[in-house]
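S.K.: Attaching a single structure in structure tokens format; questions to follow.
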Amino acid sequence: MNTKIRRIKKSGFSKTFIIIFAVILNIILSLLMGYWSYSWLPIQASEAAHYVDNLFAFETTIGTFIFLGCTGTMAWILVFNRAPKYDESNGEPLEGNLKLEIIWTLVPLLLVLGISTYSTSVNYKLENLGSKIKYDYGAEVPFVEEKKVFDYGPIDVISRQWNWEFVYPNGIHSSELHLPVDKKSNFRLITEDVIHSFYVPAFRLKQDIIPGSVITYSLTPTKEGVFRLRDAMFSGAYFSENQTNVIVESEEIFYKWIKETVKKELQNGLNPAGSLYQKRLKNGNRGWATVKPAPDPKVNDAGIKSRPHDS
Amino acid sequence: MKSAMTIVNYDPRLVQSKNPYPKGPNDWKRFFSFNTDAKVIGIQYIVTALFFLLIGGLLAMLIRGELITPPSDLFDPTVYNGLYTMHGTIMLFLFLFPILSGLTNLLVPPMIGAPDMAFPKLNALAFWLVPVFSIILLLSFFVPGGPASSGWWSYPPISIQNPLGKMINGEMLWIIAISLSGISSIIGAVNFVTTIIRMRAPGMGFFKMPIFIWTVLAAQLLQLLGLPALTGGAIMLFFDLTFGTSFFRIEGGGDPVLFQHFFWFYSHPAVYVMVLPVFGIFSELFPVYSRKPLFGYKFVAVASFGITILSLVVWVHHMFYTGTPMWMRNLFMFTTMLIAVPTGVKVFAWIATLWGGNIRLTTPMLFCLGGLFNFIFGGITGVMLATVPVDIHVGNTYFVVAHFHYIIFNTIAFGIFAGIYHWFPKFTGKMFYEGLGKVHFALTFIGATLNWLPLHWAGLLGMPRRVASYDPEFAIWNVLASIGAFILGVASIPFILNMVSSWVRGKSAPPNPWKAIGLEWLLPSPPPHENFEEDIPTVLNEPYCYGLDKPFVEDEQFYVEKSLKKH
Ligand code: HEM
Ligand SMILES: [Cu+2]
Ligand SMILES: [Cu+2]
């Protein structure tokens, strides 16, 4: 007990110094971490991406500060407040400190209110999600007039167990999603069986596709390249194969692709689950039960399965 | 012998409930019978749950074995889906809920000075439902078509597709098992809440209850409020699956998203049902092993109820990308983030409790410190997930898997291990081996960190969860995770060795080996069947008055001597 009191008294000045130093160090490390956090994310390929990444970097910075602040204090305690062997005396009997407790209630409160207010404003700026209209099972997918402005579309995104098909306004069908860069494209998201999710990590966008509803959706790609589109809502046996590519091209190349594809005959499109299922049948249909994969989609552009992707 | 009892909210009829089981405390057969002693039931729960931890862990290692390489090469993808579904279900409903019920059963009556739970027979019934639904669930591995394989969410339409068209199928057994688990939890909750409200020792007002009791009360009230939604949803799902009704089936005009609301209205609070008692364990152990009062006892106590109330109004954060309208997403982002406030109050209070203490790094303290460290991390990723634009990117990816394992394993399971070690001497009467305990901690901490830290990056880069195969760019994170998982598997060896050998031949434990304050530590180790029997102590102050000149109970010396005498 005595030694402890002496330790506390002696360190009055050096304690403030250490605290200031630690806080500055923490701020520097947190800023570095926030800066570094951009590199943990895929290429920024849509308008949404930089908003998301900025928010994430901001939260990483604040989060690092809190994490290092708390765990640094814990580490300090573990180094300097260890009881010697066989010492079973008590520590300083502090029961609480009202001022401190009010501060650490209010500061996090203001912080999360700030973050959610800012995020709300980002949501209103992006407005990817349009309307969600229910329709009767088996009926024609209704045409939904998109009230928001867009430059191109609507492209029908049809998801199935387990393949993707894209139908363009002029009627062409494709296994890959071609999009013009820097144009706001509009989609009608449709599923023919279970819930799927339209997820393009490079765009930082994800939208579930709900059976019995058609959902309109808009996004603006901002970078040319090949990006993976992955089903992100578990959809059964071959869920992990339910992927395709998004090909973002200059407007010129995009319209050239449209013009050329119109002339192509319908052929079998990408359907990786189909060939895996055939293999399974050949091996004696072992494994647990699954529904049969949907037949190959009939498309004008069959796509390239192992096309190298940028992210 | 004892000074005048000031009976507050204490129902004397309950003391007189006789133990219907005749045999002495060393009869091991009672663990296999319909015993109504909460201490026996507690151990039954814990041992059963630990057995299922091994089964769930085995499945986890099969999963990580598949994921150590990008292609789906170890199992057929249908098998992978069944394995991960059963892994999640077993870990939640056969390991976590039962083990927490076990700790709660062991601790609640002694901590509040009650002889037993309010309804001992119901208590035994709640426990015996566990083996029943566990067996139903495990049997589903052997029905044609395999077990349920639509994830622990069991979202329709995928869950009601029933490819073989058979009446009895894995999904059906899954729904039955989950419903029985819900019934067991409701019975348990009624029992815990009644016991805490009606059977506290004289003088133990709400603000003199140990924090563990506060958190159990908060958690069990959540069970009562939330479980009906899940059970209702499960019954409707059962009808859709088995009898072709259309609650969620679009063919008949149903809405699959409705199920998601039922499911998350309960399953979000469910995560707090699991974490609250662990917050309780942290609040009990930090004061003991730093020998200081719990900092801000009242704030910590009330924060539990702040969490309870808020956690009933945040469930839509699991549905930010299902077509939820903008206003709803923004609203639920606000409510979700508010949870960080009472949670933060607790975290800061624990750190302040440690500050300037006399820290003893025993095995239970190491698990507590490790758990707190991991919880701070998991809480921060939780706030990121609550941020709508960020969640739209990382939702349903491995980032979520990493977040909730940081909470569910790296915090909750750590807290449970801490609790098991801390109260092991009390309820078995034997000391465990510190050395083995520390090896267990080291392996667990390294394995868990290696398992789940790297997966955050896989998720940030866009690796969806629940996949059996993945693009090669995610391989590095998955290799690290798999190595971590195998280390965790190894970590179970020192733990089992420690528990079994110390229970069989460990040193006898004194009544209060940690010099802790609390009613349970005034009892012999192990406590007699009816705990304090006729001499219920009168509580004078809140617990945790380490170093303060405030006696915990009236006539403390009497109880200390009595606990030693029995030994
Ligand atoms: C500061 C506190 C926390 C916040 C703000 C938070 C937030 C979130 C959010 C927004 C999600 C949904 C992510 C998604 O699916 O896209 C989530 C998932 C999850 N959280 Fe937390 N969380 C917190 C703490 C906790 C705690 C304490 C637990 C457990 C006791 C927990 C367990 C889970 C689980 C199990 C899931 C995933 C469920 C699933 O998708 O299977 N979280 N969390
Ligand atoms: Cu798991
Ligand atoms: Cu939640």
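S.K.: Would you check if there is a residue in region B:295-316 being away from ligand 3 (no atom under 15 Å from the Cβ) and basic (Lys, Arg)?
M.R.: Checked region B:295-316: at least one residue is away from ligand 3 (no atom under 15 Å from the Cβ) and basic (Lys, Arg).
S.K.: Find all pairs meeting these conditions: Cβ atoms under 6 angstrom apart; at least six residues apart or on different chains; first residue within region A:20-33 and among the small types (Gly, Ala, Ser) and surrounded by 15 or more Cβ atoms within 10 Å (Cβ to Cβ); second residue in a helix (DSSP H, G or I) and at pLDDT 95 or above.
M.R.: Between residues of region A:20-33 that are among the small types (Gly, Ala, Ser) and surrounded by 15 or more Cβ atoms within 10 Å (Cβ to Cβ) and residues that are in a helix (DSSP H, G or I) and at pLDDT 95 or above, the close pairs are A:Ser30/A:Thr61; A:Ser30/A:Thr64; A:Ser30/A:Phe65.
S.K.: Anything in region A:95-118 that is within 26 Å of the chain's Cα centre (by Cα), more than 7 Å from chain B (Cβ to nearest Cβ) and either touching a residue at least 12 places away in the same chain (Cβ under 8 Å) or within 24 Å of B:Asn541 (Cα to Cα) (or both)? List them, or say none.
M.R.: A:Leu111, A:Tyr118
S.K.: Considering each of A:Glu92, A:Glu146 in turn, give the residue that is more than 10 Å from every other protein chain (Cβ to nearest Cβ), in contact with a Gly (Cβ under 8 Å, 6 or more places away or on another chain), touching a residue at least 12 places away in the same chain (Cβ under 8 Å) and surrounded by 13 or more Cβ atoms within 10 Å (Cβ to Cβ).
M.R.: Just a single option satisfies the conditions, and that option is A:Glu146.
S.K.: Check region A:107-118 and report whether any residue there is of a type in the set (Val, Ile, Thr), open to solvent by 50 Å² or more (accessible area, probe 1.4 Å) and assigned to a helix (DSSP H, G or I).
M.R.: yes
S.K.: Does region B:513-537 hold any residues that are surrounded by fewer than 20 Cβ atoms within 10 Å (Cβ to Cβ) and either polar (S, T, N, Q) or on the phi > 0 side of the Ramachandran plot (or both), and which are they?
M.R.: Matches in region B:513-537: B:Lys515, B:Glu533.
S.K.: Quick one: A:Gln161 ticks every box in (1) assigned to a strand (DSSP E or B); (2) under 30 Å from B:Thr78 (Cα atoms) except a single one, so which number is it?
M.R.: Unmet condition: (1).
S.K.: So the check is Cβ under 6 Å with 6+ separation or different chains; which pairs have a first residue in region B:83-110 that's closer than 18 Å to B:Ile63 by Cβ and open to solvent by less than 10 Å² (accessible area, probe 1.4 Å) and a second one that's within 12 Å of ligand 1 (Cβ to nearest atom) and not polar (S, T, N, Q)?
M.R.: B:Thr85/B:Gly151; B:Thr89/B:Trp152; B:Leu96/B:Met274
Residue by residue, here is whether (1) surrounded by fewer than 24 Cβ atoms within 10 Å (Cβ to Cβ); (2) away from ligand 1 (no atom under 16 Å from the Cβ); (3) assigned to a helix (DSSP H, G or I) holds:
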residue	(1), (2), (3)
B:Ser150	no, no, no
B:Gly165	yes, yes, no
B:Leu173	yes, yes, yes
B:Leu180	yes, yes, yes
B:Ile186	yes, yes, yes
B:Val190	yes, yes, yes
B:Pro202	yes, yes, no
B:Thr231	yes, yes, yes
B:Thr242	yes, yes, yes
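S.K.: Oh, and also: Got at least one residue in region B:459-476 being touching a residue at least 40 places away in the same chain (Cβ under 8 Å), of a type in the set (Asp, Glu) and open to solvent by 40 Å² or more (accessible area, probe 1.4 Å)?
M.R.: Checked region B:459-476: no residue is touching a residue at least 40 places away in the same chain (Cβ under 8 Å), of a type in the set (Asp, Glu) and open to solvent by 40 Å² or more (accessible area, probe 1.4 Å).
S.K.: Inside region A:221-237, can you point out the residues that are of a type in the set (Gly, Ala, Ser) and within 7 Å of chain B (Cβ to nearest Cβ)?
M.R.: Scanning region A:221-237 gives A:Ala232, A:Ser235, A:Gly236, A:Ala237.
S.K.: Can A:Pro180 be described as within 25 Å of A:Ala202 (Cα to Cα) and either more than 10 Å from every other protein chain (Cβ to nearest Cβ) or open to solvent by 20 Å² or more (accessible area, probe 1.4 Å) (or both)?
M.R.: yes
S.K.: State all residues of region B:251-265 that are part of a helix (DSSP H, G or I), open to solvent by 30 Å² or more (accessible area, probe 1.4 Å) and away from ligand 1 (no atom under 16 Å from the Cβ); if no residue qualifies, say none.
M.R.: Scanning region B:251-265 gives B:Glu251, B:Gly252, B:Leu258.
S.K.: Let me ask something additional. Does region A:61-73 hold any residues that are facing chain B (nearest Cβ under 8 Å) and open to solvent by less than 30 Å² (accessible area, probe 1.4 Å), and which are they?
M.R.: A:Gly63, A:Cys70, A:Thr71
S.K.: What are the residues in region A:119-143 that are part of a helix (DSSP H, G or I), without any contact (Cβ under 8 Å) to a residue 12 or more places away in the chain and open to solvent by 20 Å² or more (accessible area, probe 1.4 Å), if any?
M.R.: Hits for region A:119-143 are A:Thr120, A:Ser121, A:Tyr124.
S.K.: To continue, here is another question. Please specify each residue of region B:317-331 satisfying the condition of being part of a helix (DSSP H, G or I), within 16 Å of ligand 3 (Cβ to nearest atom) and in contact (Cβ under 8 Å) with a residue 24 or more places away in the chain.
M.R.: B:His317, B:His318, B:Arg329
S.K.: Just the residues that are within 8 Å of chain A (Cβ to nearest Cβ) and either in contact with a strand residue (DSSP E or B) (Cβ under 6 Å, 6 or more places away or on another chain) or crowded, with 23+ Cβ neighbours inside 10 Å (or both), please, taken from region B:295-304.
M.R.: Within region B:295-304, B:Phe295, B:Gly296, B:Tyr297 qualify.
S.K.: Pick from B:Pro202, B:Pro210, B:Pro228: which is under 27 Å from B:Asn123 (Cβ atoms) and over 29 Å from the mean Cα position of the chain (by Cα)?
M.R.: None of the others qualify; the one that does is B:Pro202.
S.K.: I need the full set of residues from region B:363-379 which are open to solvent by 10 Å² or more (accessible area, probe 1.4 Å) and either within 16 Å of ligand 3 (Cβ to nearest atom) or of a type in the set (Lys, Arg) (or both), in order please.
M.R.: B:Phe375, B:Gly379
S.K.: Same structure, new question: What residue, among those in region B:333-362 that are aromatic (Phe, Trp, Tyr), open to solvent by 20 Å² or more (accessible area, probe 1.4 Å) and not in a loop (DSSP other than H, G, I, E, B), is farthest from B:Ser283 (Cα to Cα)?
M.R.: Selected residue: B:Phe334.
S.K.: Does region A:190-207 contain any residue that is surrounded by fewer than 23 Cβ atoms within 10 Å (Cβ to Cβ) and in a strand (DSSP E or B)?
M.R.: yes
S.K.: Still on this structure, I have one more. Does B:Thr449 count as of a type in the set (Ser, Thr, Tyr), away from ligand 3 (no atom under 16 Å from the Cβ) and touching a residue at least 24 places away in the same chain (Cβ under 8 Å)?
M.R.: For B:Thr449, the condition - of a type in the set (Ser, Thr, Tyr), away from ligand 3 (no atom under 16 Å from the Cβ) and touching a residue at least 24 places away in the same chain (Cβ under 8 Å) - is met.
S.K.: Let me ask you something else. Which residue is nearest to ligand 3 (Cβ to nearest atom), if the candidates are limited to region B:380-405 and must be of a type in the set (Ser, Thr, Tyr) and in a helix (DSSP H, G or I)?
M.R.: B:Thr381
S.K.: Inspect all residues belonging to region B:412-433 and state whether any of them is in contact with a Leu (Cβ under 7 Å, 6 or more places away or on another chain), in contact (Cβ under 8 Å) with a residue 12 or more places away in the chain, open to solvent by 30 Å² or more (accessible area, probe 1.4 Å) and under 27 Å from B:Phe212 (Cβ atoms).
M.R.: No, every residue in region B:412-433 fails to be in contact with a Leu (Cβ under 7 Å, 6 or more places away or on another chain), in contact (Cβ under 8 Å) with a residue 12 or more places away in the chain, open to solvent by 30 Å² or more (accessible area, probe 1.4 Å) and under 27 Å from B:Phe212 (Cβ atoms).
S.K.: What do you reckon, is B:Phe417 assigned to a helix (DSSP H, G or I), touching a Lys or Arg at 6+ places or on another chain (Cβ under 8 Å) and either more than 14 Å from every other protein chain (Cβ to nearest Cβ) or closer than 30 Å to B:Phe31 by Cβ (or both)?
M.R.: Judged against the criteria, B:Phe417 is not a match.
S.K.: Considering each residue of region B:206-224, count those that are open to solvent by 30 Å² or more (accessible area, probe 1.4 Å) and within 22 Å of B:Val300 (Cβ to Cβ), and give that number.
M.R.: Adding up the residues that qualify gives 4.
The values are calculated or read from the model by the stated rules, or taken from the named source; none is laboratory data. Every value quoted in this text rests on a predicted model; they were computed, and no experiment measured them. Glycine also receives a Cβ, built like all others from the backbone with ideal geometry; neighbour counts cover every protein chain displayed. The accessibility values were calculated without ligands, DNA or RNA, using every heavy atom of the protein model including side chains. Shrake-Rupley method; radii C 1.70, N 1.55, O 1.52, S 1.80 Å.
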